[in-house]
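**Student:** One structure, as C-alpha coordinates, below. Some questions next.
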Amino acid sequence: MQKAKQYYEKMVDYKQYAKVMLAISAFFYLGVIIPTIEKSQQDLIMLMSVTTVLLGGAIIFLILSKSYYKRLAEMDEGQDFLMKK
(Lines give C-alpha, C1' and ligand atoms only; values in the text may rest on other atoms or scores of the structure.)
Protein backbone atom coordinates (compact mmCIF):
# COMPACT_ATOMS: atom_id res chain seq x y z
CA MET A 1 0.00 0.00 0.00
CA GLN A 2 2.87 2.36 0.80
CA LYS A 3 4.48 1.79 -2.61
CA ALA A 4 1.19 2.51 -4.39
CA LYS A 5 0.85 5.76 -2.47
CA GLN A 6 4.38 6.81 -3.46
CA TYR A 7 3.70 5.98 -7.12
CA TYR A 8 0.48 7.98 -7.04
CA GLU A 9 2.18 11.00 -5.49
CA LYS A 10 5.00 10.87 -8.03
CA MET A 11 2.51 10.56 -10.88
CA VAL A 12 0.61 13.64 -9.72
CA ASP A 13 3.81 15.62 -9.05
CA TYR A 14 5.27 14.89 -12.48
CA LYS A 15 2.02 15.90 -14.14
CA GLN A 16 2.05 19.20 -12.24
CA TYR A 17 5.70 19.81 -13.15
CA ALA A 18 4.79 19.32 -16.81
CA LYS A 19 1.93 21.82 -16.55
CA VAL A 20 4.19 24.43 -14.96
CA MET A 21 6.86 23.92 -17.61
CA LEU A 22 4.27 24.27 -20.36
CA ALA A 23 3.00 27.52 -18.87
CA ILE A 24 6.50 28.97 -18.55
CA SER A 25 7.38 27.94 -22.10
CA ALA A 26 4.22 29.68 -23.34
CA PHE A 27 5.41 32.94 -21.76
CA PHE A 28 8.83 32.61 -23.38
CA TYR A 29 7.20 31.88 -26.73
CA LEU A 30 5.03 34.97 -26.34
CA GLY A 31 8.24 36.91 -25.91
CA VAL A 32 9.32 35.64 -29.31
CA ILE A 33 6.14 36.41 -31.24
CA ILE A 34 5.31 39.80 -29.71
CA PRO A 35 7.18 42.37 -31.79
CA THR A 36 9.45 44.87 -30.08
CA ILE A 37 12.09 47.14 -31.52
CA GLU A 38 14.92 46.20 -29.17
CA LYS A 39 15.10 42.43 -29.80
CA SER A 40 18.24 41.16 -31.46
CA GLN A 41 18.63 37.90 -33.32
CA GLN A 42 20.56 36.53 -30.34
CA ASP A 43 17.66 37.29 -27.99
CA LEU A 44 15.21 35.45 -30.24
CA ILE A 45 17.48 32.43 -30.46
CA MET A 46 17.85 32.38 -26.67
CA LEU A 47 14.08 32.64 -26.12
CA MET A 48 13.36 29.86 -28.61
CA SER A 49 16.08 27.67 -27.08
CA VAL A 50 14.63 28.07 -23.60
CA THR A 51 11.15 27.38 -24.97
CA THR A 52 12.38 24.19 -26.65
CA VAL A 53 14.17 22.98 -23.51
CA LEU A 54 11.10 23.60 -21.36
CA LEU A 55 8.82 21.80 -23.82
CA GLY A 56 11.24 18.87 -23.88
CA GLY A 57 11.26 18.79 -20.09
CA ALA A 58 7.46 18.84 -20.02
CA ILE A 59 7.36 15.89 -22.42
CA ILE A 60 9.81 13.95 -20.24
CA PHE A 61 7.72 14.63 -17.12
CA LEU A 62 4.55 13.52 -18.92
CA ILE A 63 6.26 10.30 -19.98
CA LEU A 64 7.37 9.68 -16.38
CA SER A 65 3.86 10.37 -15.13
CA LYS A 66 2.43 7.91 -17.62
CA SER A 67 4.91 5.23 -16.57
CA TYR A 68 3.84 5.61 -12.94
CA TYR A 69 0.21 5.46 -14.04
CA LYS A 70 0.89 2.14 -15.77
CA ARG A 71 2.65 0.81 -12.68
CA LEU A 72 -0.35 1.76 -10.55
CA ALA A 73 -2.74 0.17 -13.02
CA GLU A 74 -0.85 -3.12 -12.71
CA MET A 75 -0.99 -3.14 -8.90
CA ASP A 76 -4.07 -4.21 -6.96
CA GLU A 77 -3.62 -1.45 -4.40
CA GLY A 78 -2.92 1.04 -7.18
CA GLN A 79 -6.46 0.70 -8.50
CA ASP A 80 -7.77 2.38 -5.34
CA PHE A 81 -5.53 5.40 -5.89
CA LEU A 82 -6.48 5.67 -9.55
CA MET A 83 -10.17 5.75 -8.61
CA LYS A 84 -9.52 9.00 -6.70
CA LYS A 85 -9.22 10.90 -9.98
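**Student:** In the range 11-33, which residues are open to solvent by less than 90 Å² (accessible area, probe 1.4 Å) and either closer than 30 Å to Glu77 by Cα or β-branched (Val, Ile, Thr) (or both)?
**Tutor:** Answer for the range 11-33, where residues must be open to solvent by less than 90 Å² (accessible area, probe 1.4 Å) and either closer than 30 Å to Glu77 by Cα or β-branched (Val, Ile, Thr) (or both): Met11, Val12, Asp13, Tyr14, Lys15, Ala18, Val20, Ile24, Val32.
**Student:** Could you grab me the full set of residues in the range 45-58 that are of a type in the set (Val, Ile, Thr) and either loosely packed, with under 13 Cβ neighbours inside 10 Å or over 21 Å from the mean Cα position of the chain (by Cα) (or both)?
**Tutor:** Within the range 45-58, Ile45 is the sole residue that qualifies.
**Student:** Gln42 passes all but one of (1) exposed (fewer than 13 other Cβ atoms within 10 Å of the Cβ); (2) under 21 Å from the mean Cα position of the chain (by Cα); which number fails?
**Tutor:** All conditions pass for Gln42, except number (2).
The values are calculated or read from the model by the stated rules, or taken from the named source; none is laboratory data. Since we're looking at a predicted model, the values are computed, not measured. When we count neighbours, we look across all protein chains shown, and the Cβ atoms used for this are built from the backbone with ideal geometry, even at glycine. The protein model used for the area step is the full one, side chains on, heavy atoms only, and it has no ligands, DNA or RNA in it. Shrake-Rupley method; radii C 1.70, N 1.55, O 1.52, S 1.80 Å.
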